[in-house]
2 protein chains.
Amino acid sequence: MKIADITVQEFRYTSRIGRDSEGHAHPGNLDLTGSLVTVVTDDGAEGHCLGGSKEFVEQIVRPRIVGKDPFHREYIWQDLAERTRRWNMDDKGLAAVDMALWDLAGKVTGQPVYKLIGAYRDKVKAYASTMVGDDIEGGLNTPEAYANFAETCVARGYKAIKIHSFYPPKAGAPDPRLDADICRAVRERVGPDIALMLDPYHDYNREEALYLGRELEKLEFAWYEEPMNEYSIASYVWLTQRLDIPVLAPEVALGRHHTRAEWIERGACDMLRVGVGDVGGITPSLKVIALAECFRMSMDVHGPHPGNLHLLGSMRNAEFFERGLLHPHVDYETPAPYLNSIHDPIDSDGYVQMPQAPGLGYDFNFEYIRDNAV
Amino acid sequence: MKIADITVQEFRYTSRIGRDSEGHAHPGNLDLTGSLVTVVTDDGAEGHCLGGSKEFVEQIVRPRIVGKDPFHREYIWQDLAERTRRWNMDDKGLAAVDMALWDLAGKVTGQPVYKLIGAYRDKVKAYASTMVGDDIEGGLNTPEAYANFAETCVARGYKAIKIHSFYPPKAGAPDPRLDADICRAVRERVGPDIALMLDPYHDYNREEALYLGRELEKLEFAWYEEPMNEYSIASYVWLTQRLDIPVLAPEVALGRHHTRAEWIERGACDMLRVGVGDVGGITPSLKVIALAECFRMSMDVHGPHPGNLHLLGSMRNAEFFERGLLHPHVDYETPAPYLNSIHDPIDSDGYVQMPQAPGLGYDFNFEYIRDNAV
């Protein structure tokens, strides 16, 4: 079996989000261009993944992978990863190609991806991951509004909630005392049995980060995520040595699996983060997960991507699937127009079942994508 | 699909090796008991692996895995690995169960194991791995005898040779000067273009190990393997800091992937070792390989097990397949009586092709195994 072609189809759709001046998501209805990577083999098998850069695929990927065995994922990933140095392409384009190959492998073998990897579980607990704060009436505009929304999430079945607190450009943010107010309001409302986590503003100084960490310890939060600039690893060493609450990182630091090894060797975090979009796909994510497992570290998997759901189906050292971003005014349960169904429906106990369809388990509306092609 | 049963069939055969008082292999014809692990599913699929302990499978494994999904390899491995603490079972029994599940997954999906993992290559360079020295005429009894045998290996196509030198109980061993004599004789005979490696006696003191390492540097050896007791990690830190030649370890140190993480964190080796029999199967080996890759370390894969061959088919950070142990008087090319063919034939360029049959690629003579059942 050989790869016959790889293409990127761009299409228009209206999202349910808007973005503020710092790039954070809020309710809205942005007109966006999506993209779909498709790998086709000489015997007609196909693999797909959302995302992917047309330029990267056409200039770099296609000339290098056409004619290759699509099961040579490790070779293809290593080869493309080397190419991204000069081209300065981000890891998201690489991730989409890698995951299209995993999707293809699943379809050819009749297995969901997490079983190809080697399954650990068939369902995973989800946490409700909130959007960042806003000025919307009935939104996430006050500590009490967060508490109200947390109560709604618990009523839906969630056993865990991760708060994204007040970030710039919201007036008054960043302020660790305001973050603590939000966390306190939520803890008081949901009680002691719901796991709570915080992902606050990501550029506090050391003293602010320590103050907020101590507040979270009093509130018995489960982890504390990226409160400082990740390029100051020394600051994370400093913070991690002081706090009892697990410090979770890194997310945005580039350098894929190599960077995660540096953080562990430096002792810069208590829990390690991975995400298919952050490190370049499932193939390198498996390396990061193995790395953490070798050092017996717990993890969080960043974001609700189907690839991340399959990672969680195959790993022991993480407890939760990140579901969201959620907001009182956004309907997360209805599929985007280019999908027939969502990949991560939640049950009344707060669990998401692993997709059982072969491959990644995307349920594309190919007609929509074709009709809205750019 | 559920696991319906797991069994261990023991059988008698006559090997082509004997063992000295320290357990090292030499030419011989020992009568041995082999074992074959077989996993069967409720729909009749089967997976096999040689090795495996009847006691471990019947007392620990069977009650825990019957009824489980055979694709839940990660769960099963973690669950069984925890059970081995109290029972003090070795990792080889666990490895055989894990690899029978990988074999089954390959057969169900129609893929060789290295493609399930994600392939990096379809063939791999082999090194000729010699037996340890002996007192056999025309064997490996003098430095010149090693040189003669090395010449034979090069004539067969090998581009690399790993020497196991003189070990106790051979008279005069251990002696780093004798080891250096052997290495010098082989280097002079094969010339500069053949990669040479040394695996000497494994309990030299620091000064002996440093002396021998310096000799290997002059002879441009590719790596230097386990010259000291592996439970003295500090000795390896000491040696690795001094030598330029890559120090390769650990092999026998227990503790699976966790131990390998300790060695890296301590800076106790330059190249990292893994082997399916040493760390408990393919599942934990993949973690060790990922660990090394995260730290950009090269590796060697220990031994010619089919599981190791599949690892090499899926990884970038190792160059060679260990073929052997070889000896002038032992025919490695003829299959053992319980096999119809060997899994690792070498071509005239010194490469071994990846097995293309679904699963691990064992070619069992089931009739022989049945006829010689214990």
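Since every read-out is calculated from the coordinates, none of them should be taken as a lab result. Given the structure is predicted, the values throughout are model-derived calculations rather than measurements. All Cβ positions, even for glycine, are placed from backbone atoms using ideal geometry, and neighbour counts span all protein chains on display.
Taking R0 as 60 Å, what's the FRET efficiency between B:Gln356 and A:Val252 from their Cβ-Cβ distance, rounded to 0.05?
Efficiency computed from Cβ-Cβ geometry: 0.90.
On a 20 Å Cα-Cα criterion, which of the cross-link pairs A:Lys125/A:Lys162; A:Lys287/B:Lys115; A:Lys54/A:Lys287 come out too long? Let's see the in-between values first.
Values: A:Lys125/A:Lys162 13 Å; A:Lys287/B:Lys115 17 Å; A:Lys54/A:Lys287 27 Å.
Going by Cα-Cα distance, A:Lys54/A:Lys287 fall outside the 20 Å limit.
Starting from a label point 7 Å past Cα on the Cβ side, list the distances from B:Ala155 to the same position in the other copies, nm, shortest first.
Label point to label point, same position, other copies: 8.6 nm.
Please compute the modelled spin-label separation between B:Gln241 and B:Asn229, points set 7 Å along Cα→Cβ, answer in nm with one decimal.
2.1
Points 7 angstrom from Cα along the Cβ direction at A:Asp135 and A:Arg83: gap in nanometres?
Calculated label separation equals 4.6 nm.
Going by alpha carbons, how many degrees (0 to 90, nearest 10) lie between the helix axis of B:176-190 and the longest principal axis of chain B?
Long axis of B:176-190 versus the principal axis of chain B: about 90 degrees.
At 37 °C and a viscosity of 0.692 mPa s, what translational diffusion coefficient does Stokes-Einstein give for the protein assembly as shown, taking Rh as the Kirkwood radius over Cα pairs? Give it in µm²/s as a whole number.
Values: Rh = 27.8 Å.
Rounded, D is 118 µm²/s.
Per residue of the stretch A:135-150, in order, report the coupling 6.51 cos²θ - 1.76 cosθ + 1.60 (Karplus, θ = phi - 60°) as ³J(HN,Hα) in whole Hz, putting x for Gly and Pro.
With the stated coefficients, the stretch A:135-150 comes to 10, 8, 4, x, x, 10, 9, 9, x, 5, 4, 4, 4, 4, 5, 4 Hz.
Show me the ranking of peptides B:305-315, B:177-187 by mean Cβ neighbours inside 10 Å, starting with the highest. Intermediate results must be reported in sequence, preceding the final value.
Working: B:305-315: 26.0, B:177-187: 20.7.
Answer by packing, highest mean first, reads B:305-315, B:177-187.
What's the magnitude of the charge dipole for the protein assembly as shown around its Cα centre, counting Lys and Arg as +1 and Asp and Glu as -1 at the beta-carbon? Answer in Debye, nearest 20. Working shown, then result.
On the way: 78 positive and 114 negative charges, 49 e Å.
Once rounded to the nearest 20, the dipole reads 240 debye.
Compute the angle between helix B:233-242 and the longest alpha-carbon principal axis of chain B, please, reported from 0 to 90 degrees and rounded to the nearest 10.
Taking the Cα atoms of chain B, the angle to B:233-242 is about 50 degrees.
For the stretch B:116-353, compute Rg over Rh where Rg is the Cα radius of gyration and Rh is the Kirkwood radius from the inverse mean 1/r over Cα pairs.
With Rh from the inverse mean 1/r over Cα pairs, Rg/Rh is 0.95.
Within a Cβ distance under 10 Å of A:Tyr114, other residues only, what is the Lys/Arg minus Asp/Glu net charge?
Numbers: positive: A:Lys115, A:Arg121; negative: A:Asp122, B:Glu74.
Value of the local net charge: 0.
With a point put 7 Å past each Cα toward its Cβ, work out how far B:Thr334 is from A:Ala4 in nm, to one decimal.
Those two pseudo-labels are separated by 4.9 nm.
Under 12 Å between alpha carbons, and skipping anything fewer than 8 positions from A:Lys123 in its own chain: which aspartates and glutamates qualify?
Correct list for A:Lys123: A:Glu319, A:Asp344, A:Asp347, A:Asp349.
What does the copy distance list look like for A:Thr142, label position 7 Å along Cα→Cβ, in nm and ordered from shortest?
Ordered by increasing distance: 9.7 nm.
About the Cα centre of the stretch A:116-353, what is the dipole size in debye to 20, counting +1 per Lys and Arg Cβ and -1 per Asp and Glu Cβ, all else neutral?
So the dipole magnitude of the stretch A:116-353 works out to roughly 700 debye.
Going Cα to Cα from B:Lys2, which aspartates and glutamates come in below 13 Å? Please leave out same-chain ones fewer than 8 positions away.
Cα-Cα hits under 13 Å: B:Asp42, B:Asp43, B:Glu46, B:Asp69.
Quote the FRET efficiency, to the nearest 0.05, computed for A:Asp42 versus A:Glu144 with a Förster distance R0 of 60 Å and r equal to the Cβ-Cβ distance.
0.50
Calculate how steeply helix A:256-266 sits against the longest principal axis of the alpha-carbon atoms of chain A, using the helix alpha-carbon long axis, and give the answer as 0 to 90 degrees to the nearest 10.
It works out to around 40 degrees.
Which of B:Pro174, B:Pro345, B:Pro63 moves most in a GNM of chain B, Cα contacts under 10 Å?
B:Pro63
Using a 10 Å cut-off around each Cβ, can you sort A:Leu325, B:Leu212 from fewest to most neighbouring Cβ atoms?
Least to most surrounded, the residues fall as A:Leu325, B:Leu212.
Sort shortest first the distances from B:Gly172 to its counterpart in every other copy, using label points 7 Å along the Cα-to-beta-carbon line, and give them in nm.
List, nearest first: 8.6 nm.
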